[in-house]
Amino acid sequence: GCTYAISPEATSVDEAGGNRTFNVTSGPNCAWSAASNDSWITVTGGASGSGSGTVTLSIAANSGEERTGTVTAAGRPFTVSQISLRVTNYND
């Protein structure tokens with residue numbers, strides 16, 4: 001049977017967003033796919049493959065609250081954490 005691993009399993013980005021990559025590792029004849037579970041994360045490369053490969057993500061800028069989203073690749077979750085540009089002033 002096929003076994004799959006991703007590395008790293010998470011990333012963080014600042015409010016500007018940007019591109020990130022992670023690796024999928026599996027046997028040479030093991031097919032896999034990657035799909036975003038959140039509208040602000042787009043899989044721009046490596047949406048499917050066989051064997052080992054790299055998934056490329058584009059993460060949108062964040063003008064709201066801090067957020068966390070996931071991409072599922074080869075059945076495994078890759079977590080994206082994004083900070084917020086909004087600063088809370090507790091003195092208001």
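Descriptive notes on the structure:
- The orientation-averaged projection of the convex hull spanning the C-alpha atoms of the chain amounts to 5.9 square nanometres.
- Rg ratio (alpha-carbon, reference 2.2 N^0.38 Å) - the stretch 13-63: 1.26
- Phi-based couplings in Hz for the stretch 39-46 (Karplus 6.51, -1.76, 1.60; Gly and Pro marked x): 5, 8, 10, 10, 7, 9, x, x
- Modelled FRET efficiency - R0 30 Å, E15 with S50, Cβ distances, 0.05 increments: 0.25
- Taking every protein chain into account, the accessible area of the chain amounts to 58 square angstrom per residue (probe 1.4 Å).
- Pair S84, C2: separation of 7 Å Cα→Cβ label points (nm): 4.0
- For the chain, the share of accessible area belonging to carbon and sulfur comes to 46 percent (1.4 Å probe, ligands and nucleic acids excluded).
The values are calculated or read from the model by the stated rules, or taken from the named source; none is laboratory data. The model shown is predicted, which means the values in this text are computed figures rather than measured ones. Note that each Cβ is placed from the backbone with ideal geometry, even for glycine, and that neighbours are counted across all protein chains shown. Ligands, DNA and RNA are excluded from the accessible area calculation, which covers all protein heavy atoms including side chains. Shrake-Rupley method; radii C 1.70, N 1.55, O 1.52, S 1.80 Å.
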